[in-house]
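**Q** Take this structure, written in structure tokens, and hold onto it; I'll ask about it next.
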Amino acid sequence: MHLRSRRILIAASVFALMSSATAYADPVEGFELVVNGEMTLVTEAPASANLEGALDTVYSGLLFRESETREMEMDDFSNPGMVFVDQGLDLWNKVDGTDGKSCASCHDDVESLKETRAAMPKMNPTGDDLWSMENYINNCRTTKMGAEAWKWSSDQMTSVTAAISVAGRGEVVNPKVDGAAAEWWEKGKELYYTRFGQLELSCANCHEQNYGNMIRADHLSQGQTNGFPAYRLKNAKLNSIHNRFKGCVRDTRAETFGEGSAEFRALELYVASRGAGLSVEGVGVRN
Amino acid sequence: MKSQLKLAIALAAFAAQPSFAEVTPNMVAFADGAVAQSHTGVAGNAADGAKVASTRSMGNCVACHAIAALPDAKFQGNVGPALDGVGSRWSEAELRGIVSNAKMMFDGTVMPSFYKTEGYTRLGDAYTGKAPKGDVPPILSAQQIEDVVAYLLTLKE
């Protein structure tokens, strides 16, 4: 990546934006995400009934990124997040804890969990709590493996969630929002529309009302989670969904919520449901 | 030496005499979203206002609004309308109201309230993500609001 050419490109974009704001406001058109030249992923879909008319079409965040960033995600050799996926697969097969087990001891190949990512977050086996993938992994570690729980956004955790997400690449996002999950979904929706912090910004203020617009150099997306855990160029590592939520709420000059909190799990369900119909991108590449 | 010091103290005391009590955020009187009275009684400085408008750690108006007169402020946003010509379209009182608390003029607007200290949900300590330790001042000071208003009034059509 040549920084200088990139800057010129951005400057040119800003100029274009000033002369025709509406044309630039849209996500990129005519782009098809084909990974490794063989797997076509859905990056644009009609909004599901969950959105109750708030949006007509849902777009992957990739459509709001520049062409160089989009190209990185089109090939696993150029996707910087794939290094961490390899580390995640090593951890998948590594025995840890007092029971002498690895993830593979019970789940065999990671491909056995290919439907997992698209269904997250999901009510737990006893049906009394909403769990993110991180909760399921730590439940296995502490109750089946005799291993210690990983921190929510630790390198190990994001690597393994990434490996499971890549196994589910191409699956269509479709979390269950009825039954016991319904009250979590409602809570998540309430959070989505709450204006937090000194800047009094809700998720919707930026990602529903203003996607496609610019806040200084930031091109606002719809805030979809189908590309998570995502490799961000900004910090050169994998980022969990809750870590991203935490940063967004912090940037409203608010007291943010914790990773793994009930609030963020509820919000994760609601936001995931807003992206129903998009493909799981495994590790997305983002700014 | 002694008399000079005395003079200096006398001058300082004179300067400190409030000829005008600063209007605190919860005292601001809005009428149809506009605020006729200055927050400070001190005329705004347009050059200082331009700095507040273009500086990230201050007002950062250009985060959401384009201002063609500030070409050095890169990456101007477009979440709100361009501010070119606002000095012709709005009065000083209207601009003071909008900059202080735009929600009083435009119900439900996305624009943050720059001179307000109450009514927040999970107010934090600036961008730390943590709870505040004490009272949180408004995003801009009374004089910064006056300076921004003075600057916006220079943006004529």
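The values are calculated or read from the model by the stated rules, or taken from the named source; none is laboratory data. Quick caveat: nothing in here was measured; it's all calculated off a predicted structure. We place every Cβ from the backbone using ideal geometry, glycine too, and count neighbours over all the protein chains shown.
**Q** Within the range A:237-252, does at least one residue satisfy the condition of being at positive phi and either within 14 Å of chain B (Cβ to nearest Cβ) or not hydroxyl-bearing (Ser, Thr, Tyr) (or both)? Steps first, please.
**A** Going through the range A:237-252, the residues at positive phi turn out to be none.
No, every residue in the range A:237-252 fails to be at positive phi and either within 14 Å of chain B (Cβ to nearest Cβ) or not hydroxyl-bearing (Ser, Thr, Tyr) (or both).
**Q** Yes or no: the range A:134-156 includes at least one residue that is closer than 30 Å to A:Phe31 by Cα and in contact (Cβ under 8 Å) with a residue 24 or more places away in the chain.
**A** No: zero hits.
**Q** Can you pull out the residues in the range A:253-263 that are within 7 Å of chain B (Cβ to nearest Cβ) and surrounded by fewer than 22 Cβ atoms within 10 Å (Cβ to Cβ)? Reasoning before the result, please.
**A** In the first step, residues of the range A:253-263 are kept if they are within 7 Å of chain B (Cβ to nearest Cβ); the result is A:253-256.
Listed by number, the list holds a single entry, A:Glu255.
Okay, residues lined up against (1) part of a loop (DSSP other than H, G, I, E, B); (2) not assigned by TED's automatic domain parsing to the domain that holds A:Leu238:
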| residue | (1), (2) |
| --- | --- |
| A:Val34 | no, no |
| A:Ala45 | no, no |
| A:Val58 | no, no |
| A:Leu62 | no, no |
| A:Glu68 | no, no |
| A:Glu71 | no, no |
| A:Met74 | yes, no |
| A:Gln87 | no, yes |
| A:Trp92 | no, yes |
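**Q** For the range A:196-228, which residues satisfy the criterion of being over 18 Å from A:Phe257 (Cα atoms), crowded, with 22+ Cβ neighbours inside 10 Å and touching a Gly at 6+ places or on another chain (Cβ under 6 Å)?
**A** Across the range A:196-228, the qualifying residues are A:Met214, A:Gln224, A:Asn226, A:Gly227.
**Q** Another question, if that's okay. When you scan the range A:214-230, how many residues do you find that are part of a loop (DSSP other than H, G, I, E, B) and either modelled with pLDDT under 95 or within 14 Å of another protein chain (Cβ to nearest Cβ) (or both)? Steps first, please.
**A** Step one: of the range A:214-230, the residues part of a loop (DSSP other than H, G, I, E, B) are A:216-217, A:220-229.
From what's left, either modelled with pLDDT under 95 or within 14 Å of another protein chain (Cβ to nearest Cβ) (or both): A:216-217, A:220-221.
Total meeting the criteria: 4.
**Q** Given B:Gly77, B:Gly59, B:Gly119, B:Gly134, which one is assigned to a loop (DSSP other than H, G, I, E, B) and touching a Lys or Arg at 6+ places or on another chain (Cβ under 6 Å)?
**A** Exactly one of B:Gly77, B:Gly59, B:Gly119, B:Gly134 is assigned to a loop (DSSP other than H, G, I, E, B) and touching a Lys or Arg at 6+ places or on another chain (Cβ under 6 Å), namely B:Gly77.
**Q** If A:Ala266 satisfies all but one of (1) touching a Gly at 6+ places or on another chain (Cβ under 6 Å); (2) in a loop (DSSP other than H, G, I, E, B), what's the number of the condition it fails?
**A** (2)
**Q** Right, another one. Let me spell it out: the conditions are (1) of a type outside the set (A, V, I, L, M); (2) within 13 Å of another protein chain (Cβ to nearest Cβ); (3) surrounded by 19 or more Cβ atoms within 10 Å (Cβ to Cβ), and B:Gly87 meets all of them except one. Which number is the exception?
**A** Condition not satisfied by B:Gly87: (2).
**Q** I'm trying to understand the selection: among the residues of the range A:197-211, which are within 11 Å of chain B (Cβ to nearest Cβ) and either assigned to a helix (DSSP H, G or I) or more than 21 Å from the chain's Cα centre (by Cα) (or both)?
**A** Scanning the range A:197-211 gives A:Gly197, A:Gln198, A:Leu199, A:Glu200, A:Ala204, A:Asn205, A:Cys206.
**Q** Scan the range B:106-127 residue by residue and report those that are surrounded by 19 or more Cβ atoms within 10 Å (Cβ to Cβ) and hydrophobic (A, V, I, L, M, F, W, C). Let's see the steps before the verdict.
**A** Looking only at the range B:106-127, we keep the residues that are surrounded by 19 or more Cβ atoms within 10 Å (Cβ to Cβ), and these are B:110-116, B:120, B:123-124.
Passing the criteria: B:Val110, B:Met111, B:Phe114, B:Leu123.
**Q** Using beta carbons and a limit of 7 Å, which pairs, at least six apart or on different chains, have the first residue in the range B:99-112 and more than 10 Å from every other protein chain (Cβ to nearest Cβ) and the second one surrounded by fewer than 19 Cβ atoms within 10 Å (Cβ to Cβ)?
**A** B:Ala102/B:Thr109; B:Met104/B:Phe30; B:Met104/B:Gly33; B:Met105/B:Gly33
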